[in-house]
Amino acid sequence: MNKADDVFGLAAEFESHIDLLRAAEKSYEQGYRKMDAYTPFPIEGLAEALGKRNRVPLMAFIGGIIGGAGAYYMMWYANVVSYPINIGGRPLHSWPAFIPITFELTVLCAGLTAFFGSLGSCGLPKPYHPMFNLTEFERASQDRFFLCIEAHDAIFEPTKTREFLQGLNPVRVTEVPK
Amino acid sequence: MKEEQIQKTSASSASSAVKENISPLGYPTNLFTGQPSFQRVNETIGSVVLRDRQPRPWWIGFIIAFTLLMILFLAISWLLIRGVGVWGINIPVAWGYAIVNFVWWIGIAHAGTFISAILLLMFQHWRTAINRFSEAMTLFAIACAGMFPLLHLGRPWVFYWLFPYPDTMKMWPQFRSPLVWDVFAVGTYFTVSLLFWYLGLVPDLATVRDRARKKWQKIFYGVLALGWRNSAAHWQRHQIAYLLLAALATPLVLSVHSVVSLDFSVAQLPGWHSTIFPPYFVAGAIYSGFAMVITIVIPVRKIYRLESLITLRHFNNMANVMLVTGLIVAYGYFIEAFMSWYSGDIFEQYMMTNRAFGPYGWIFWLLMLVNVLIPQALWSARVRRNLIALFLVALSINLGMWLERFVIVITSLHRDFVPSSWGMFFPTIWDWATLFGSVGLFLTLLFLFIRFLPMIAISETRELVAEPEKAMTL
């Protein structure tokens, strides 16, 4: 295998999200795994077609549970164990009064985990990435659709992969330098 | 199967373009038909913030807002020098304008969350044109709201005592108190709203970054965009996190103002001690929030010529929401009066008589006029689609919701059980300066937002261009 070390991958540029979606499905069928698509708006089913997995909901769920349980424990510890105040003989462990903050902190922690989980699982913030070397890549945020097969994919082969991408009817296929 | 779907998509878009010049969303033809439609979206919305010169109305508005902000700083400085005595508060009216303004602002915030989160979950794509703007409004309104209880603390620099942390005094907050719930409710609301807003902004910041030509713009938007690459994996996680945050923000619309209302209704004071408060506060919050969105969007739309994006349909829908929530609020007023009579409790009955015919009676009747009577004009579709009329009704509701909080806070406090402890509240110039100054803070942030951040969701609009059937879902 003569994978060039200074190549990040090969990018095919498409004019519409329909072409791109079709290309992504074909590439996955062909056996390519290390690839990503770049689109100006979210396209339903694209990430799944590329075999991308998503754990953000699970993370947010766990975050919410930890937040809620932690909040209740904190209030119980503070108002029952550490600093009990007898107000008119009312029970110290007055759980209904602890519900609002339990709810709020559940939401807060789930929200924080969803936010940082989604950014973190994308590897953001990341100021530099080889894809930015691609000429016209700024159109990925405007009106063009890119599919990039990365050089470290198991079956990546500069010429064959280029031929394969050419066969998907792109506007052009370009090498992405590292 | 996918092919089939795709063909259906293109077929339906073609037919819709032929059938009508204007999509049901109200978008004009020039955005949805013709070849370079993405380009049009990018140019119209994506380049606004990159322009060198702002229109004259922006400068006029910003200067007025900034002047008011300086008045706020002056009022706060004087408050910090002399203490809360510079306000008109006293015993028995210990909660003066600070709490009235707090509740007013936090209510205004609610429409933003309602528009962006609840309508997102219901797949109401018409929200696209106004959601970013109303989210920003939410954020700035919470910032204004949060300021008031802090200033009202008397020693705002020790505000962190409100948080639970193991301190050297070996004390904890009293978690059974609604005032402590408030800290968590407002704090959570602000944080979740901020995350929701920023997460929605990241792809658009990347668009602006890629369109930027000047160095400072490239750096500024590049840093804010966090290196977003529009990759499929990014979008997948972004979309799910965005939906999750919307789902999390939705119950907050109900919980935050419920908790705020519990600040009042857990107390035993006549006029506060009422079970109707949580639902009636939530309805009032959405009511005032939509009024504020309309008040601000009408001039902004005019100045920035956004008629093609924010349409009469949006205003009609928002006016309908105001009409419904306004009726709930009116029902709340009625039930409050009815229950105080029906309770047979002498203090409750006196509270209601005093509210309507006591020294602050004229405010109560003004409230009835501007918050109950005038909004009934919204029954008319002609008023809902006439922007001048709608603007005036919205202004009336903004005033009305402020008066409502004045009536609740001040007329309840000033005469409670024992006549010997009755008193009067008169606002000082510093009360007014802080109120109008907070409007300045809100507007300054809003003008800066319009100037530096894309106020209409670019990527969502592109999605509507690419899949016009989504725009048809209404």
Q) If one takes the longest principal axis of the Cα atoms in chain B, at what angle in degrees, from 0 to 90 and to the nearest 10, does the Cα axis of helix B:2-19 lie? A) 80 degrees
Q) What angle, in degrees between 0 and 90 and rounded to the nearest 10, separates the Cα long axis of helix B:429-452 from the longest principal axis of the Cα atoms of chain B? A) 10 degrees
Q) What angle do you read, to the nearest 10 degrees and between 0 and 90, between the alpha-carbon axis of helix B:387-406 and the longest principal axis of chain B? A) 30 degrees
Q) Which whole-number percent is the relative contact order of chain B (Cα, under 8 Å, 6+ apart)? A) 32 percent
Q. Which of the DSSP-defined H helices in chain A satisfy a minimum axial length of 20 Å, computed from C-alpha atoms, and a minimum mean Kyte-Doolittle hydropathy of 0.5?
A. A:56-76, A:95-121
Q: Measure off 7 Å from each Cα along the Cα-to-Cβ vector at B:L80 and B:F123, then give the distance between these two points in nanometres to one decimal.
A: 5.1 nm
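Give, rounded to the nearest 20 debye, the magnitude of the charge dipole that the protein assembly as shown has about its Cα centre when Lys and Arg contribute +1 at Cβ and Asp and Glu contribute -1 at Cβ. All intermediate terms of the calculation are to be shown ahead of the outcome.
Values: 50 positive and 41 negative charges, 214 e Å.
Charge dipole, the protein assembly as shown, about its Cα centre: 1020 debye, nearest 20.
What FRET efficiency would be calculated for the residue pair B:L392, B:T191, taking the C-beta separation as r and a Förster radius of 45 Å, to the nearest 0.05? Walk me through the numbers on the way to the answer.
Values: r = 36 Å, r/R0 = 0.79.
Efficiency for this residue pair is about 0.80.
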Q: Please find, in a Gaussian network model of chain A (springs between Cα atoms separated by less than 10 Å), the residue of A:V107, A:V56, A:V81 whose mean-square fluctuation is greatest.
A: A:V81
Q) Relative contact order for region A:56-121 using alpha-carbon pairs under 8 Å, separation at least 6, rounded to a whole percent? A) 58 percent
**Q.** Within straight-line cross-link reach of A:K178, aspartates and glutamates at Cα separation under 19 Å, skipping those fewer than 8 residues along the same chain
**A.** A:D5, A:D6, A:E13, A:D36, A:E136, A:E138, A:E150, A:D153, A:E157
Q) How many Lys pairs in chain B lie less than 28 angstrom apart by Cα atoms, where the lysines are 8 or more positions apart or on different chains? A) 6
Q | For A:F8, distant residues with modelled amide H under 5 Å away | A | A:V176, A:K178
Q: Place +1 on the Cβ of every Lys and Arg and -1 on the Cβ of every Asp and Glu in chain B, take the dipole about the Cα centre, and give the residue among B:A136, B:A232, B:I276 whose Cα lies farthest towards its positive end.
A: B:A232
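Every read-out reported here was derived from the displayed coordinates using simple, explicitly stated rules and does not represent laboratory data. Here the structure is a predicted model, which is why all the values come from computation and not from measurement. Virtual Cβ from ideal backbone geometry, glycine too; neighbours counted across all protein chains shown.
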